[in-house]
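First up is the structure itself, then whatever we jot down about it.
The values are calculated or read from the model by the stated rules, or taken from the named source; none is laboratory data. From a predicted model like this one, the values you see are computed outputs, not experimental measurements. Don't worry about glycine lacking a Cβ; one is built from the backbone with ideal geometry, like all the others, and counts go over all protein chains shown.
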2 protein chains.
Amino acid sequence: MKIEAEWMRGGTSKCWVFEADQLGDGASLDSLLPRVFGSPDSRQIDGVGGATSTTSKAMILDRPAEDGIDVDFTFAQVGIEEATVDWGSNCGNCSAVVGLYAIEKGWVVPGGDVTKIVTRNTNTGQIIVQRVATPAGALPIVPDAQMPGVPFPGYRVGLGFQDPAGKTTGALLPTGSATDTITAGGTRWTVSMVDAGAPVVIVRAEDLGLDPARYENWLAGVELQLDTLDQIRRQAAVRMGLAPTTAAAARAIPKLAIAAAPADSGDRDAADINVMMLSMGRPHPALAITGSIALTLAARTPGTVLHHMTGGTQGAALKLRTPAGVLETWTEENDGGLLVGVDRTARTIATTVIHLPEALGSAAEEAFAGATR
Amino acid sequence: MKIEAEWMRGGTSKCWVFEADQLGDGASLDSLLPRVFGSPDSRQIDGVGGATSTTSKAMILDRPAEDGIDVDFTFAQVGIEEATVDWGSNCGNCSAVVGLYAIEKGWVVPGGDVTKIVTRNTNTGQIIVQRVATPAGALPIVPDAQMPGVPFPGYRVGLGFQDPAGKTTGALLPTGSATDTITAGGTRWTVSMVDAGAPVVIVRAEDLGLDPARYENWLAGVELQLDTLDQIRRQAAVRMGLAPTTAAAARAIPKLAIAAAPADSGDRDAADINVMMLSMGRPHPALAITGSIALTLAARTPGTVLHHMTGGTQGAALKLRTPAGVLETWTEENDGGLLVGVDRTARTIATTVIHLPEALGSAAEEAFAGATR
């Protein structure tokens, strides 16, 4: 059994990109993808997975018949120590490969200095308008766009989330309040719960004893409070209607962000907010893009903890300090709604044919039939 | 720029396999390979490297004109946080891909139930006779051989190191003694230094305060003594003639092995020796194959610390307990000399074309010329 795939970097993630008609249906993929990635195995040594959450990701692309959508894409977070697939959320970084893939494969013909590709994430229903730099109507031979957290250049991709509020829960503020109180670890925490791009619960860094002026020390302080932070996150899952009980809360959503205003005016020129995000229970090395969309709308919404920190004074751009550098998000009017976005870079690392000699049972045979159709 | 490569699992490593005529000369590769792998970057996020020592490895294969050798291969340990390549040693796990590659590419026609491929490692000059299981004269469609440390099956490959003693230093016992005393961390250590497959210094587990009966506790104890162990290793580098001073000792050689006899007779049935090896300053998750060859000859050599532990009573097979399970080595007469070997499994994960759009300067252009010749 052989499966064609492109291995692409999207932002700060590595993503395996498949075309839907190469693969089987959803049931097959729950067994096929873990085997392709080498799971279950903490090292994923016999598969294509990279044994970290940011390198065990798959994207499945399709060209819908519908007008107005160029590419449908489905994100799969492939388990590492477990042979599971989490279909519950999108990955903003991997989203950045979709427009580039469409141009490289000829699905979309580039035109003008920027080519627009309308994409739709099927996990969340989110429309993401992608803009790929194509000076003089073509991808540059040598990509030269840089971004924080990636030491090598790629193609610049703007990701605009069309009207992202409430895509998971139905409302930007799922609890109806801009600020709520959650009790966890014997303490009451003032948080904001927002749903835009992804559901996120925002905790104030000061409440965790983290010094806003010493961002470089946050990681050590956060590592010591992961249990409490997960309790807050699970409480938020229930409050946002994402899980019936704290025990039933998924690991992937909601995400949790720790935030503080920069300490002084010089620092405030460089960033509007200092932020550290947890992903799958661990501090994220950069920032989940979907989370940055949530933070951007939270900062624009009076009454949230982020609005208090920024004073609601930022313009169209919001600068977020992350462990990997400052990330800037933007907002603009589009199609009578609001586009909330961020710029990433993307690049194709390798064009591959994955070998999978084992028989995987009937589920895999269905997938095999799909792959050879 | 595009480079063809096979991504293969060899034993407990993932290895990127290139054909020499696809690449440039040695000078080019010192800049080309780090860029291909995404180095320098602790995450290797923009390249094919897996950001760990066992997944940042390249093999370069060639078909020599000489009679008697089917495949020449060169191993490259590609730096992760530094844009460097270490050409100083071979990797036994990656060696296991060479015979399989030769059969899959038609370089060697399989014959009989076991196909023999004579390979030569150019880093060390070591001849490795590989035997790949080819029942009825062909690779099985579905590989089914298992090995410790790998949760999925592969093709069985026997790796026989022909007369491995002294390939790096000229002698099995580079100091002339089977046992020596080294002073490090204010303590005198009784060690054996042997060169076979790779140079290895062997330390007794008891001397480190590790309980032979509690192998599962070794890792924690070793982690606390990494500094002292590196001092021992550096002293050994000088004593074996591998470095002029301890400061100049390479990180890769000699390797260091910690060993003890199993605690009781039941345990002794399962393994002849309990061993934990350090690689690049860290405990190895399984065992460096080249190191296991050294341990096998050490156990057969009167006067070494290993010979004391086994009583020199083992037969052709030696069972080594490692963190990933028990590894069995074997010895046999071959061509008037001694073949020391171990069985691994190997598998091709993906057939790839690596994309490398950036200009890399003149060195890369030479490689580019090579790749397009």
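Would you mind finding the one in A:Thr134, A:Thr181, A:Thr119 that is surrounded by fewer than 16 Cβ atoms within 10 Å (Cβ to Cβ) and either touching a residue at least 40 places away in the same chain (Cβ under 8 Å) or over 21 Å from A:Pro323 (Cα atoms) (or both)? Break it down into steps so the answer makes sense when it comes.
Numbers: A:Thr134 fails: surrounded by fewer than 16 Cβ atoms within 10 Å (Cβ to Cβ); A:Thr119 fails: surrounded by fewer than 16 Cβ atoms within 10 Å (Cβ to Cβ).
Matching residue, one of A:Thr134, A:Thr181, A:Thr119: A:Thr181.
Can you tell me which residue within segment B:84-105, out of those that are within 10 Å of the chain's Cα centre (by Cα) and of a type in the set (Gly, Ala, Ser), is surrounded by the most Cβ atoms within 10 Å (Cβ to Cβ)? First the steps, then the outcome.
Taking segment B:84-105 first, the residues within 10 Å of the chain's Cα centre (by Cα) are B:89-96.
Right, trim to of a type in the set (Gly, Ala, Ser) and you get B:89, B:92, B:95-96.
Numbers: B:Ser89: 22, B:Gly92: 28, B:Ser95: 29, B:Ala96: 33.
Result: B:Ala96.
Which condition does A:Thr348 not pass, out of (1) within 14 Å of another protein chain (Cβ to nearest Cβ); (2) within 29 Å of A:Asn217 (Cα to Cα); (3) modelled with pLDDT of 95 or more, if it passes all the others?
The one condition A:Thr348 does not meet is (2).
Looking at the structure I just gave you, is B:Ile202 among the hydrophobic types (A, V, I, L, M, F, W, C), buried (at least 21 other Cβ atoms within 10 Å of the Cβ) and either farther than 21 Å from B:Lys255 by Cβ or not assigned by TED's automatic domain parsing to the domain that holds B:Ala271 (or both)? Show your work before the answer.
On the way: among the hydrophobic types (A, V, I, L, M, F, W, C): yes; buried (at least 21 other Cβ atoms within 10 Å of the Cβ): yes; either farther than 21 Å from B:Lys255 by Cβ or not assigned by TED's automatic domain parsing to the domain that holds B:Ala271 (or both): no.
Considered against the rule, which asks whether it is among the hydrophobic types (A, V, I, L, M, F, W, C), buried (at least 21 other Cβ atoms within 10 Å of the Cβ) and either farther than 21 Å from B:Lys255 by Cβ or not assigned by TED's automatic domain parsing to the domain that holds B:Ala271 (or both), B:Ile202 comes out as no.
When you scan segment A:283-302, do you find a residue that is surrounded by fewer than 20 Cβ atoms within 10 Å (Cβ to Cβ), among the hydrophobic types (A, V, I, L, M, F, W, C) and assigned by TED's automatic domain parsing to the domain that holds A:Ala324, even just one?
For segment A:283-302, residues surrounded by fewer than 20 Cβ atoms within 10 Å (Cβ to Cβ), among the hydrophobic types (A, V, I, L, M, F, W, C) and assigned by TED's automatic domain parsing to the domain that holds A:Ala324: absent.
Free of Cβ contacts under 8 Å to residues at least 12 places away in the same chain and in contact with a Lys or Arg (Cβ under 6 Å, 6 or more places away or on another chain): does that describe A:Thr175?
Values: free of Cβ contacts under 8 Å to residues at least 12 places away in the same chain: no; in contact with a Lys or Arg (Cβ under 6 Å, 6 or more places away or on another chain): yes.
Answer is no for this residue.
Being part of a strand (DSSP E or B), over 19 Å from A:Ser95 (Cα atoms) and of a type in the set (D, E, K, R) is the filter here; which residues of segment A:326-341 pass it?
A:Glu332, A:Glu333
From the list B:Gly50, B:Gly26, B:Gly10, B:Gly92, pick out the single residue that is farther than 22 Å from A:Arg9 by Cβ and modelled with pLDDT of 95 or more. Full working, then the answer.
Working: B:Gly50 fails: farther than 22 Å from A:Arg9 by Cβ; B:Gly26 fails: modelled with pLDDT of 95 or more; B:Gly92 fails: modelled with pLDDT of 95 or more.
None of the others qualify; the one that does is B:Gly10.
Within segment B:37-47, which residues are surrounded by 24 or more Cβ atoms within 10 Å (Cβ to Cβ) and touching a residue at least 24 places away in the same chain (Cβ under 8 Å)?
Scanning segment B:37-47 gives B:Phe37, B:Ser39, B:Gln44.
Hey, does segment B:99-107 have a residue that's part of a strand (DSSP E or B) and either of a type outside the set (A, V, I, L, M, F, W, C) or away from chain A (no Cβ under 14 Å) (or both)?
Step one: filter segment B:99-107 for residues part of a strand (DSSP E or B), giving none.
Looking for residues that are part of a strand (DSSP E or B) and either of a type outside the set (A, V, I, L, M, F, W, C) or away from chain A (no Cβ under 14 Å) (or both), one finds none in segment B:99-107, hence no.
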